[in-house]
Amino acid sequence: MQAITINKLTKRYALGKNGLGNAITILDAISLTIKKGEFIAILGPNGCGKSTLLKLLMDLEKLEEGSISIFGKTPKEVVIGYGPQQTTEALFPWFTVTENVAFAKSISMLSMKQALNKLKEIGIFHYAQAYPYQLSGGIKQLTTIARATLNESTEVFVFDEPLSGLDYQNRLMVERELSKLRNKHYTTLMVSHDIDSAVLLSDKIIILSEKPSSIRAIIPVNLPKERTYEMRFSPAFNRISSQLHELLKADAL
């Protein structure tokens, strides 16, 4: 079953004061289909439109050319769990961790209880009463993941560079939570610059070109369905990782 169908998606931005300057094309006729339950990573150069593509999927950017269908519906009709790139800006500084997670529904007694259960599940329950300024980057990211995954009616999950700026231990913690989504067969898209994490988590990896961006390659990740940390050291993992490095290096030369 197709979960997401993108057809000839094009996005332009007008430059200059009040948008009266020349227009620049970011995405150029992107077409893509994603199956239900697939975990997809999107890689590409800085500024190529990876985050813009996610925002169009979530109806956070105006769709001007092309079409997006998610389970046969428009983006605004679908419940999407979102983990933004800037977690500091995404979390309300006046809310505790529990209140930030509960906000995915509403701050009620029921949602607070569900939020606490989610924090226990993720393993950060001891931060339940902490405020965002008291958290490390990894715990902030886990908090946004907890919020994104709280609503049981969520149909698609979208994460924008969830591993950016994390130290090794925190990256492993975030990878663990993202791997739960793929193991439960949730349709998930992740923008990333981390090749190893993309290979470990994904079923397919989409490589975007320099802007105006088109799909340069779609790389299947032919690893066992259940992923483990030890797979990072397998020949199959290294072959896929090397292929991605070569594709991305070519754009830099």
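The values are calculated or read from the model by the stated rules, or taken from the named source; none is laboratory data. If you're wondering where the values come from, they're calculated on a predicted model, not measured in any experiment. Note that each Cβ is placed from the backbone with ideal geometry, even for glycine, and that neighbours are counted across all protein chains shown.
So the values come out like this:
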| read-out | value |
| --- | --- |
| Residues being assigned to a loop (DSSP other than H, G, I, E, B) and farther than 18 Å from L54 by Cβ - total across the stretch 72-103 | 8 |
| One residue from S234, S202 being more than 14 Å from G44 (Cα to Cα), modelled with pLDDT of 90 or more and exposed (fewer than 15 other Cβ atoms within 10 Å of the Cβ) | S234 |
| Residue selected from the stretch 38-92 under the condition touching a Ser or Thr at 6+ places or on another chain (Cβ under 6 Å) and of a type in the set (G, A, S), by the criterion nearest to A148 (Cα to Cα) | G81 |
| A130 being closer than 30 Å to T74 by Cβ and either among the aliphatic types (A, V, I, L, M) or free of Cβ contacts under 8 Å to residues at least 60 places away in the same chain (or both) | no |
| Residue count, the stretch 215-252 (criterion: over 20 Å from M190 (Cβ atoms) and among the hydroxyl-bearing types (S, T, Y)) | 2 |
| So E89, is it on the phi < 0 side of the Ramachandran plot, touching a residue at least 12 places away in the same chain (Cβ under 8 Å) and surrounded by fewer than 16 Cβ atoms within 10 Å (Cβ to Cβ) | no |
| Scope the stretch 30-53; condition crowded, with 23+ Cβ neighbours inside 10 Å and not in a strand (DSSP E or B); matching residues | G44, C48, G49, K50, L53 |
